[in-house]
Amino acid sequence: MPDQVVAASSLCVKLAQNDVIDNLNFTIGRGEVFALLGGNGAGKSTTLKTFLGAVSPSSGTASVMGLSVDADINTIRSKVAYLPESVMLYGHLTGIENIEYFLSLAGIKQAQPEIEEALTKVSLQTDAWHKNLSHYSKGMRQKTAIALALLREAPVLLLDEPTSGLDPRAIDEFNQLITTLANSGSTIFMVTHDVYGACQVAHRIGLLDKGKIVGMFERKNNAHIDIEEVHAAFSQGKIK
Amino acid sequence: MNATKQIMLDEWRYWQRTKLATTVIFIGVVLTLASVVVNTIEVRQAADERKHFQQVSESRFLEQPDRHPHRMVHYGHYVFRAPSPLSMIEPGVDAYTGTSIFLEGHRQNSATFADQRQSSGLTRFSSLSPAFLMQVLVPLLMILVGYACITREKEAGTLNIMLTQGVKKREVLTGKFLALVGSGLLVLLPLALASIWASVTGESIIVTTGFVVGYFLYILIWGAIVLWVSTFSSRKNTSFASLICLWIALCILIPRISSSTAASIVPSPGKLEADFAVLEELRKLGDGHNASDPAFNQLKANLLAKHNVNDIADLPVNFRGVVAEYSEEKLTKVLNQFAEIRMQEEVSQAEIARHFGWLSPTVSIRTFSMMMAGTNLETHHRFLREAEALRYEFIQSLNHVHQHKLDYHTDINRYRDDVVARVDAGNWNILSSFSFEPQPGMARLHQSLLYSLQLLFWCIVTLLLIKRASRRMEQ
Ligand SMILES: Nc1ncnc2c1ncn2[C@@H]1O[C@H](COP(=O)(O)OP(=O)(O)OP(=O)(O)O)[C@@H](O)[C@H]1O
Ligand SMILES: [Mg+2]
């Protein structure tokens, strides 16, 4: 891979005295889609949060674009768009208002047409755009949050289970979107337990179990990663 | 800076959409506005009434026919002090002490016509003075509006989303703080307008500016307290409960404790007890109406010797008038002595109570507000002293008339039908006009210095608390 945009080196995280992340080592290059695959409680969300400074490493380093989360978290946050596991936006604002507000916090002023374009990309139905988010379904909120992450136009995207709650058509569209973004140079780090989705978009998949990477899969000859192989390893790891 | 502004604006938008906060702010503004208007009318009316009353009593005094001068000593008259322009906002001690005094011989009447005792109907609303609303109610409104400003975002998880947009904690806190302070300032607006009006109607600009700045600081302090609690609490409910407890402690309990502590440290005898003590002292002086009271023997002897005569009837002055003047002087000395002791006690108590401003910003602003408005205890005491000086001068001029204008022989036979023991009504023209001047602005500012320091102290303490809470603000 060319340059390391996201890197973990001997990264450990302790939460309430438990080793949640245990000696993680990986790097993600520019334009690469990296998926961390793992079961519930494997430490996927915690890993992502470490790169956002929401959780502090107990040892080792996590860095984004050469900046360490310990030292330059505010700069990192301005370069990273984060899609949280459960979408938390404001119920008292409409989808568009939510996006406008959070973009303004990031210092970005997007014109209405761009926002509408992003909402179309994530296929949020038009009649919902000006409704309060409190009236949205889970999937609609997810789409809004994805649109927000896209509009940040950040070089790095950290996505926590981005397709959860989406219907199959939306998942397909999302996967396409991710591929397009990666081709245009965005670095994408997603965590998921959706084996199929990961195999569709990821250049590499790391298998996470109890805070450790227990397997790595890579595209060979530009073909998608073999879903059977990953699935077998995933199930095995879980039984173990 | 931009993020801060956005966060502030969003908080306001949230209040608008959820209605509760806007309703609370609206009620606050209407209440202060109404209280400012009612109090202004009330103070004006009371002032006009008293002025009229004073004029009537003065002209009645002057219209009295030829009389025995001592009858006029008992007739007496009123003085009153014009309310300070800011007393429509901060009635201070005036509400309890009153602003008019009846001046008569042999007695020091305490000030009368306190608003609290007069109030009825519409005027009862005036006990909700704008100052009281600002000091006690506005903190409560700010709590209702802002208790969840941070905890809400924590519970919903939106705080994290904000932070992951690259917003700094400091910007989040500042934005919320400004939004909160803004709500307080809306409620302060009627009071600020009334203060401007006060400077138009003659109050010193230094005073009105200082007054408004004091309340501004108070709002900053409460904004900071609300934000602080909301920052360190993890749930909305705990934040609300903690803030209500703080409000009860700072706005209700500590002010009460301050006065009861002061009263127990500097015990003051009850009114009855004090009155008996005065009577006891006065009894030793002899009765000024009875010139043959043995208490005046020495006076008589000295006077006879001085004029080298053997009988008081031969004195060039009316001995009964001399006795009246002499005994008034002695009596006034005793009365003043007791009055000074009582005022000293009151001041010591007030000073102890004011130190509680280090424990509650409500006590600080209350003291500061009264000092600036000129409705503090010391000003009232000055009024009592000036009124007493006037009373003494007025009584002694009547006694002077008694001595020189009424013949002793006529005087002692005043009850006989064929004797007319009176002096000409022209002698009643002795009332000097009384005008109570407020202290200059700089002097009031100077007296309030300690209390503005208390307010600044609170600003710093609460800001430091926020700083500390933000460091361990969970993400
Ligand atoms: N704040 C916390 N304090 C203590 N333990 C925590 C905390 N957050 C997470 N954990 C523990 O860390 C482990 C990993 O949690 P994490 O949320 O990273 O899992 P995950 O892989 O994202 O799971 P899921 O697929 O359910 O989202 C879990 O065992 C969890 O109990
Ligand atoms: Mg998770």
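Extension gain for B:W358-B:S234 works out to 41.8 nm (0.36 nm per residue, less the C-alpha to C-alpha distance). Excluding same-chain neighbours fewer than eight residues apart, the aspartates and glutamates reachable from B:K467 by a Cα-Cα span under 17 Å are B:E171.
Here's how it looks for A:V6: its modeled amide H is under 5 Å from those of A:I28, A:M65, which are all 5 or more places away or on a different chain. Scanning residues 5 or more positions from A:R204 or on other chains, those with amide H under 5 Å from its amide H are A:V33, A:A35, with H placed 1.01 Å from N in the peptide plane. Taking a ≥ b ≥ c as the square roots of the eigenvalues of the Cα gyration tensor, the range B:229-328 is classed as prolate, since a/c reaches at least 1.5 and a/b is larger than b/c.
Here the residues B:S360, B:S230, ranked from fewest to most Cβ neighbours within 10 Å of their Cβ, fall in the order B:S360, B:S230.
Antiparallel beta bridges, as assigned by DSSP with both residues in the protein assembly as shown, represent about 60 percent of the total such bridges. On the beta carbon distance between B:L453 and B:L193, with R0 = 30 Å, the FRET formula returns roughly 0.60. Among beta bridges from DSSP that stay inside chain B, the antiparallel ones total about 100%. The aspartates and glutamates within cross-link reach of B:K169, meaning a Cα-to-Cα straight distance under 15 Å and a gap of 8 or more places when in the same chain, are A:D72, B:E153, B:E474. For the peptide A:45-53, the mean number of other protein chain Cβ atoms found within 10 angstrom of a residue's Cβ is 1. Taking all C-alpha pairs of the range B:345-475, those more than 17 Å from each other amount to 73 percent.
Two numbers describe the Cα atoms of the range B:1-92: Rg and Dmax, which are 26.1, 83 Å.
Centroid-to-centroid, using Cα positions, the range A:84-143 and the range B:1-76 are 50 Å apart. Sorting the segments B:310-323, B:335-348 by their residues' average number of neighbouring beta-carbon atoms within 10 angstrom, most packed first, yields B:310-323, B:335-348. The charge dipole of the protein assembly as shown, taken about its Cα centre with unit charges on the Cβ atoms of Lys, Arg (+1), Asp and Glu (-1) only, comes to about 1460 debye.
Rounded to the nearest 10 degrees, the angle from helix A:168-183 to the longest Cα principal axis of chain A is 70 degrees. For a straight C-alpha distance cut-off of 20 angstrom, the lysines reachable from B:K330 (same-chain residues fewer than eight places away being disregarded) are B:K284, B:K300. The HN-Hα couplings worked out from phi for the range A:88-94 by the Karplus form 6.51 cos²θ - 1.76 cosθ + 1.60 (θ = phi - 60°) are 10, 10, 8, x, 8, 10, 6 Hz, whole numbers, x standing for Gly and Pro. If you take the alpha carbon atoms of the range B:319-375 and fit the smallest convex hull around them, that volume is 70 Å³ per residue.
Computed over every Cα-Cα pair of the range A:48-168 and binned at 10 Å starting from 0, the pair-distance distribution P(r) comes out as 13, 43, 30, 12, 1 percent. With neighbour counts taken as other beta-carbon atoms within 10 Å, the residues A:H92, B:H381, B:H74 rank, fewest first, as B:H74, A:H92, B:H381. One way to sum up the overall shape of the protein assembly as shown is the equivalent ellipsoid from its Cα gyration tensor, whose semi-axes run 86, 23, 17 Å, largest first. Once the Cα-Cα distance is subtracted from the 0.36 nm per residue extended length, the B:D314 to B:I244 segment shows a gain of 17.2 nm. Could you list log10 I(q)/I(0) for the range B:2-470 at q = 0.07 Å⁻¹, which the Debye formula gives when each Cα is one point scatterer? Each listed q maps to, in turn, -0.51. In this structure the amide hydrogen of A:V55, modeled in the peptide plane, comes within under 5 Å of the amide hydrogens of A:T50, none closer than 5 places in sequence on its chain. For chain B, which DSSP H helices look membrane-span-like by this rule: Cα extent along the axis of 27 Å or more and mean Kyte-Doolittle of at least 0.0? Qualifying helices, which must be both long enough and hydrophobic enough, are B:20-63, B:169-200, B:205-232, B:449-471.
Taken together, the values in this text are just the output of simple stated rules run on the coordinates, not laboratory data. On a predicted model such as this, the values are computed, not experimentally measured, just so you know. In this analysis, Cβ positions are derived from the backbone assuming ideal geometry, glycine residues included, and neighbour counts consider all displayed protein chains.
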